[in-house]
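Report on one structure; see the data block that follows.
We did not get these values from a lab; they are worked out from the coordinates using the rules stated. All figures in this text were calculated on a predicted structure; none of them were measured in a lab. All Cβ positions, glycine included, derive from the backbone under ideal geometry; neighbour counts span all protein chains shown.
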Amino acid sequence: MSGDISGDVIVVGGGVIGLTTAVVLAERGARVRVWTREPVELTTSAVAGALWWPYRIEPEPLVGEWALQSLVVYEELAARPEETGVRMVEGVQGETRLDELGSWAARVPGLREARAEEFAGGGLWAQLPLIDMSVHLPWLRNRFVELGGTVEEASVVDLSEVPASVVVNCTGLDSLDLVPDRSVRPVRGQLVVVENPGITTWLTSVDHSADTSTYFFPQPGGLILGGTAEENAWSMTPDPATAEAIIARCAAFRPEIADARVLEHRVGLRPTRPAVRLEREVLRGGRVLVHNYGHGGAGITVAWGCAREAADLVGVKAG
């Protein structure tokens, strides 16, 4: 650590942002604990469809670099998919043009205009990280523990009272009340998991006229179908009519989805904000609080880039 930072670091939040930040800090030699309100398998991150792509996240000039740093890590982790949960999978980003994307797009593997037989509506073909969160979150936790870290279940009501010289706030939506930050709001996402009828590529499509998105991601445990993006909606109860509409939209692209057996319904609340907050503040007595939250629907996409910047703000430099 740099000279002005000593003692333990406590990362508050056990989702993908908190765990990844904890791993980076521990890799740089910090003594780190993670405080999580619930087991990592029950966090919002566990619900994610988890395709790498900048989605519902600002500020755009910074997001590209965070995303690319994360992409490099995921490409390395994809060499061990059974262990890490990361695979490189081909698919189509519908209704997307190359000239709409930032400079980061030049680094995306296999990114090109989709051919008509691949997607009739016009879009981009790419090979992207697709992450099985049921494997990846435990892998992150295990990696952190191997580095000497500890994960503890604990609830926090006041970040300034967390007993550590450095606290890193990775609480996502809970920052609404913990900080408090009234610019944080939920964007509700509902998913359906079905038995995979043999689909090996992913697809995303947006109907701007109806303000709906459609996607399917082949994961080892089934085909994940989505989705919704309901702003300021807090309900965690799956809506049957919404589920039927999701299945119907996905089946319009791949008819075999219509008869696939439903395995599971999922709901998650994306922690959105006008822009990601990556910021350091000094508390009473010189204690440090670093914020790393507000990643919207792209926490997985930027996790490693944001974790490295958060570690820099803590004062722990890369070796």
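By the count of neighbouring beta-carbon atoms within 10 Å, fewest first, PHE119, PHE217 end up ordered PHE119, PHE217.
Taken over the Cα atoms of the range 265-306, the convex hull encloses 104 Å³ per residue. Normalised by 2.2 N^0.38 Å, where N is the number of residues, the C-alpha radius of gyration of the range 117-217 stands at 1.56. Under 5 Å from the amide H of VAL168 lie the amide H atoms of ILE10, VAL11, VAL12, VAL290, each residue being 5 or more positions distant or on a separate chain, with H modelled from the backbone and absent for Pro and chain starts. For the chain, the relative contact order works out to 27 percent when only alpha carbon pairs closer than 8 Å and six or more residues apart are counted. Amide H contacts of THR228 (H built 1.01 Å from N, in plane; Pro and chain starts excluded): GLN190 sit under 5 Å, all sequence-distant by 5 or more or on other chains. By the Kirkwood approach, averaging reciprocal distances over each pair of separate Cα atoms, the chain gets a hydrodynamic radius of 20.0 Å. In terms of surrounding Cβ atoms within a 10 Å radius of their Cβ, SER160, SER213 rank from fewest to most as SER160, SER213. For the range 186-289, the fraction of C-alpha pairs farther apart than 20 angstrom is 47 percent.
Only Cα sites of the range 51-189 enter the Debye sum here, all with the same form factor; the resulting log10 I(q)/I(0) across q = 0.14, 0.16 1/Å is -0.90, -1.08, listed in q order. Can you give me the Cα centroid spacing of the range 95-121 and the range 263-307 in angstrom? Rounded to whole Å, the Cα centres lie 28 Å apart. Couplings for the range 282-294, taken from phi via the Karplus curve 6.51 cos²θ - 1.76 cosθ + 1.60 with θ = phi - 60°, read 9, 8, 4, x, x, 5, 10, 10, 10, 9, 8, 8, x Hz in order; Gly and Pro are left as x.
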